[in-house]
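What follows is calculated from the coordinates using simple rules that are stated; it is not laboratory data. Remember, it's a predicted structure, so these values are computed and weren't measured experimentally. Glycine gets a Cβ as well: all are built from the backbone with ideal geometry, and neighbour counts include every protein chain shown.
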Amino acid sequence: MIAMALSSSPKLLIADEPTTALDVTIQAQIMDLLLEIKQKTNTAIILITHDLGVVASVADRVAVMYAGKIVETGTAKNIFYHPSHPYTRALLKSLPDTDMDRSIRLVSIPGTPPDLLCPPIGCGFASRCSNCMKICQTDLPPEFVTEAGHVAACWLHHEDCPVKLEEVNN
Ligand code: SF4
């Protein structure tokens, strides 16, 4: 499949969950192959995945999506070390850590994603966000620059917001 996709020398390769359902050895081989292709042919790759380990190890830039929208973009370092959207923060907290005390329960995000046949008018994460404010339910948050090259679509970053992300829980 990868060979077929490359036969026309594309400038951009979209790899949608290329490692899903593969064992870790094959997974590593596929990712090595994709990185080799990128280096040799200068083909840009959009990698769509739920595997945050793969994201952390290969991505130059990361876009986090929730309810069909990009809610945060930045370098892998920005996203993993300074997550700026409550969904990204909650997602990272839900990951198991091998050094973690086994008596500590993993954090889960309460609720369920919105019905996209009848999408919410405000922030898509509002019904699950413990920091939800009135404006979140009525107005779609625009992208706010949180640091160079790092943006998050969340009202907590508005200059007039009385609450700051560092002060909230998720
Ligand atoms: S815009 Fe509001 S509801 Fe959406 S993530 Fe930010 S604080 Fe939560």
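Which shape class applies to the stretch 75-169: rounded if a/c is under 1.5, otherwise prolate when a/b exceeds b/c and oblate if not, where a ≥ b ≥ c are the square roots of the Cα gyration tensor eigenvalues?
Values: a/c = 1.90, a/b = 1.29, b/c = 1.47.
In terms of gyration-tensor shape, oblate.
Under a cut-off of 26 Å between alpha-carbon atoms, report the lysines in cross-link reach of residue 11, not counting same-chain residues fewer than 8 places apart.
38, 40, 69, 77
List the trypsin sites (Lys or Arg not before Pro) within the stretch 1-102 that DSSP assigns to loop and that have no more than 11 neighbouring Cβ atoms inside 10 Å.
11, 102
Just want the answer: with Cβ charges of +1 for Lys and Arg and -1 for Asp and Glu, which residue in 104, 162, 80 is farthest toward the dipole's positive end in the stretch 78-170?
104
Over the stretch 1-59, what is the mean sequence separation of C-alpha contacts under 8 Å (at least six apart), divided by residue count, expressed as relative contact order in percent? Don't skip to the end; give the middle numbers.
Numbers: 42 pairs, mean separation 25.4, N = 59.
Reported as a whole number, the value is 43 percent.
Rounded to the nearest 500, what is the chain's calculated 222 nm mean residue ellipticity when only DSSP H runs of at least 4 contribute -39500 (n - 2.57) each, over all residues? Provide the component values of the computation, followed by the final result.
Working: 6 runs with 49 residues, N = 170.
Computed ellipticity for the chain at 222 nm equals -8000 deg cm²/dmol.
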